[in-house]
Amino acid sequence: MMGDLSFDSSRALEGGFADVPVHSAHAFRAAMECMARPGRIEDLAGGQGPEPLSVAASVLLLTLCDPETPVHLAGDHDAGPVRDWITFHTGAPLVGAREAMFALGTWAALQPVDRFAIGTPEYPDRAATLIVETDRLEADGAVLTGPGIRDQAALSLPEVAAFQANARLFPLGFDAFFTCGARVAALPRTTKVR
């Protein structure tokens, strides 16, 4: 990993859940609700990591990552304070893109997305989940159809082609969360995008 390797304990200790059982349960339920209902936008609260982490990305990391879930940081998110914070609060190992179960960064920083695990025919669940930090997250733009969506939904995706290609890989492919401030939405590989 690149960047400052020193550990700043004062910043790493801040920003975790104030009430771990309550905040983690609420965050887990909201994250799973988003994944089960693509295009649905939820608000997350309870934790705030160092910049450039959004509240939603911080809460997802606190909720979904542990010492068994390798994390890849891309672009500006691959910074000493963020690495220290993740290590202290989750114990998640920081790894290269190919080994990651979770990858965090802006859409541009996460490119090319074909370097992330998409699972295998025997183990499709061994795919990466991308946490994409965005400047905008709204229920408009790309049209979504598939499991968990009654007729159709809309979501402001950073692009369409990569998610169309990803859906064609099903049952393989990556899943994605999109974060903006305290808001989160998800796009599982089962969702068709146009």
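The values are calculated or read from the model by the stated rules, or taken from the named source; none is laboratory data. Everything numeric here is computed off the predicted structure, so don't read it as measured data. Cβ sites come from the backbone with ideal geometry, for glycine too, and all protein chains shown count toward neighbours. Areas reflect the complete protein model, heavy atoms only, side chains present, ligands, DNA and RNA absent. Shrake-Rupley method; radii C 1.70, N 1.55, O 1.52, S 1.80 Å.
In table form, for the structure just shown:
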{"item": "Charge dipole magnitude, Cβ of K and R +1, D and E -1 - the stretch 43-84, Cα centre, debye nearest 20", "result": "20"}
{"item": "Sequence-distant residues sharing a close amide H with Leu157 (under 5 Å, placed H)", "result": "Ala142"}
{"item": "Most to least packed among 35-48, 143-156, 104-117 [average Cβ atoms within 10 Å]", "result": "35-48, 104-117, 143-156"}
{"item": "Distant-in-sequence amide H partners of Val132 (H built 1.01 Å from N, under 5 Å)", "result": "Phe177, Phe178, Thr179"}
{"item": "Solvent-accessible area per residue, Å², over the chain with all protein chains present [probe radius 1.4 Å]", "result": "47"}
{"item": "Helix-derived mean residue ellipticity, 222 nm - over the chain, DSSP H n ≥ 4, -39500 (n - 2.57), to 500", "result": "-7500 deg cm²/dmol"}
{"item": "³J(HN,Hα), Karplus 6.51/-1.76/1.60, whole Hz, each residue of the stretch 42-47, x for Gly, Pro", "result": "10, 9, 10, 8, x, x"}
{"item": "Listed residues His72, Gly39, Gln152: farthest to the positive end of the dipole of the chain (Cβ charges)", "result": "Gln152"}
{"item": "The stretch 29-104: C-alpha gyration tensor shape, a/c 1.5 cut-off, then a/b vs b/c", "result": "prolate"}
{"item": "Magnitude of the charge dipole, the chain, Cβ model with Lys/Arg +1 and Asp/Glu -1, debye to 20", "result": "700"}
{"item": "Solvent-accessible area of Val71 with every protein chain in place, 1.4 Å probe, in Å² to the nearest 10", "result": "0"}
{"item": "The chain, relative contact order [Cα under 8 Å, separation at least 6], %", "result": "24"}
{"item": "Derived scalar couplings ³J(HN,Hα) [the stretch 95-105; Karplus, 6.51 cos²θ - 1.76 cosθ + 1.60; whole Hz; x for Gly, Pro]", "result": "9, x, 4, 5, 8, 6, 8, 10, 10, 10, x"}
{"item": "Cut-off under 5 Å, modelled amide H: who pairs with Ala127 long-range", "result": "Gly119"}
